[in-house]
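One structure is given below, encoded as structure tokens.
Just so it is clear, none of the values below were taken in a lab; they were calculated from the coordinates. Note that the coordinates shown come from a computational prediction; the quantities given were computed from them, not determined experimentally. Don't worry about glycine lacking a Cβ; one is built from the backbone with ideal geometry, like all the others, and counts go over all protein chains shown.
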Amino acid sequence: MTFRTGLLLGCAFLAGIAAGPQIAHLSLPAGSSLTSNALAASLAKDSDSDSPAENFRLLSLFGHVLEQVKANYVDQVSNRELIINALNGMLSGLDPHSSYMTEKQYADLQTRTKGEFGGLGLEVQADDSHIRVVSPIDDTPAAKAGIKTGDYIVAIDGKNIDGLPLDEAVQRMRGKPDTKISLTLIREKTPKPLIVTMTRAVIHIQVIKSALYDSTGYIRVSEFNEETSPGLEAAYRKLKADAHGHLTGLVLDLRSDPGGLLNQAIAVSSDFIRNGEIVSTRARHAQESQRWDAHGTDITDGLPMVVLINGGSASASEIVAGALQDHQRAVLVGEKSFGKGSVQTILPIPGDGALRLTTARYYTPSGRSIQGLGIVPDVTVRETREDPGYSIREADLSHIIKNQGGNTAKPPTRVDLPPIVSSIPGEPPANWPAFDLTKPVTDFQLQQGLKIVRAMATGPHTADASPANLPRHD
């Protein structure tokens with residue numbers, strides 16, 4: 001498949017990226033307007049024909065509605081605003097991940113993939129005229145303020161934003177560094193709205209963190225940008241050096257990783273898989289389909305691995321998890337992933353920003369599509385005992401593309417799981433301490449992952465991660 005900028009995988013806009021496309025005013029030839037009856041007749045045909053006559057009727061319909069709104073709407077409105085709304089409606093009506101970007105929004109997106117941008121550090125997404133948090137990014141104002149995946153933002157600085165377009169809400173959240181902003185949040189099972197005050201900052205995305213727990217390495221990937229694969233490889237080299245060359249296992253943490261660049265997902269997968277397919281994509285036209293294979297190296301030389309996933313693991317992180325699961329290279333621990341199995345291409349429009357358009361579905365090495373289904377871990381372990389009530393995943397969004405073309409919804413049957421898996425509890429015990437991001441001993445999923453990877457290497461190990469040995473920033 002020929003792409004103009006490269007592939008982008010992700011499930012949301014980032015707070016700090018605005019929208020506002022420009023397009024030339026659409027005018028119709030003199031005498032080409034349709035009467036109301038003719039318009040109704042044209043709509044009633046509901047034709048899928050792409051004939052010139054049908055195209056002319058539909059463009060005439062668009063022009064007629066445009067002029068009626070301009071002439072009769074309660075407030076004066078510009079052509080630009082109306083056509084912006086039309087473009088946004090055109091793309092959002094296709095699927096949740098296609099969108100239009102202005103030149104500035106496109107530039108901000110490019111800056112973000114390089115690892116630095118301004119804002120709060122929030123991944124947000126439109127959800128039925130509401131703004132939902134997909135994920136806070138590690139070590140950002142949003143994460144430090146305790147904003148959680150699934151929170152709904154209903155007001156900014158005390159002003160209601162219900163029904164506000166996503167791009168406008170994002171623009172309001174942006175601002176100069178060191179300025180205050182308050183968000184009003186609705187959270188499941190919380191009786192009253194939460195008001196969170198933060199200070200805007202220039203966000204430096206630290207996509208890789210690592211820690212050494214005894215002889216077990218831990219690497220967290222918060223998203224997939226241009227720094228991810230080289231950062232992961234550097235972190236692994238440092239872990240190996242800190243362990244004096246005696247690492248016995250590795251935990252790769254992809255929880256709440258919303259995705260990013262496809263080439264980085266392929267590169268990370270290839271760091272652990274020696275041979276075979278990593279991922280394939282199938283586009284509208286068969287000749288544009290592609291497949292990527294491993295490059296013949298495993299930086300760990302076959303070290304036992306556990307991968308942590310949850311409902312916030314989406315897109316590029318699902319590609320990595322799916323590849324490692326299908327190759328039985330790692331044991332997946334945690335909760336079912338988000339289920340975004342589509343690929344977006346950035347198509348620049350010179351002088352007018354870019355389109356972010358869904359152009360293909362992707363498939364794991366075994367040929368399955370996880371679109372709307374997600375990846376089910378090999379060992380299901382919940383983060384807390386609390387009933388989540390509901391969780392928003394791809395299948396819950398409007399206008400999602402169909403899951404089709406896959407040969408199975410399940411990964412290959414595993415016969416290599418260590419015996420300890422049968423004794424791993426599915427949720428924390430009643431006396432388990434409340435989860436604290438700064439204290440690994442409170443992270444129930446991590447602790448079970450450590451037990452499993454240690455069992456894979458040397459047998460059961462009971463030592464937990466020490467609070468004094470926190471993940472360091474590499």
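Key figures for this structure:
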quantity	calculated
Those GluC sites (Glu not before Pro) in the stretch 359-445 that DSSP places in a loop and that have at most 13 other beta carbons within 10 Å	Glu386
5 Å-binned pair-distance histogram of the stretch 208-473 (Cα, whole percent)	1, 6, 13, 18, 19, 17, 12, 8, 4, 2, 1, 0, 0
Fewest-first sequence of Tyr363, Tyr106 by Cβ atoms within 10 Å of each Cβ	Tyr106, Tyr363
For the stretch 91-107, 3J(HN,Hα) per residue [Karplus equation, 6.51 cos²θ - 1.76 cosθ + 1.60, θ = phi - 60°, Hz, x = Gly/Pro]	7, 5, x, 7, 6, x, 10, 8, 7, 10, 10, 6, 4, 5, 5, 5, 5
Amide H partners (placed H, <5 Å) of Ile205, local residues excluded	Glu116, Phe117
HN-Hα J in Hz across the stretch 175-186 - Karplus 6.51, -1.76, 1.60, θ = phi - 60°, x for Gly and Pro	x, 5, x, 6, 9, 7, 8, 10, 10, 9, 10, 10
Packing-based order for 209-218, 177-186, using average beta carbon neighbours within 10 Å, highest first	209-218, 177-186
C-alpha center-to-center spacing [the stretch 248-265, the stretch 205-222] in angstrom	11
The stretch 66-146: trypsin sites (Lys or Arg not before Pro) in DSSP coil with no more than 15 other Cβ atoms inside 10 Å	Lys114
For Gly312, distant residues with modelled amide H under 5 Å away	Ser256
Span from the the stretch 297-313 Cα centroid across to the the stretch 117-171 one, whole angstrom	30
Share antiparallel - DSSP beta bridges, the stretch 208-473, percent rounded to 5	60
Residues whose placed amide H lies under 5 Å from that of Gly406, excluding near-sequence neighbours	Ser369
23 Å tail of the calculated P(r), the stretch 116-204, as % of Cα pairs	12
Using θ = phi - 60° and Karplus 6.51 cos²θ - 1.76 cosθ + 1.60, couplings along the stretch 272-280 (whole Hz; Gly, Pro as x)	10, 10, 6, 9, x, 6, 9, 6, 10
Förster radius 56 Å - calculated FRET efficiency between Asp75 and His285, Cβ distance, rounded to 0.05	0.80
Whole-number percent relative contact order across the stretch 208-473, with pairs defined as alpha carbons under 8 Å at least 6 apart	18
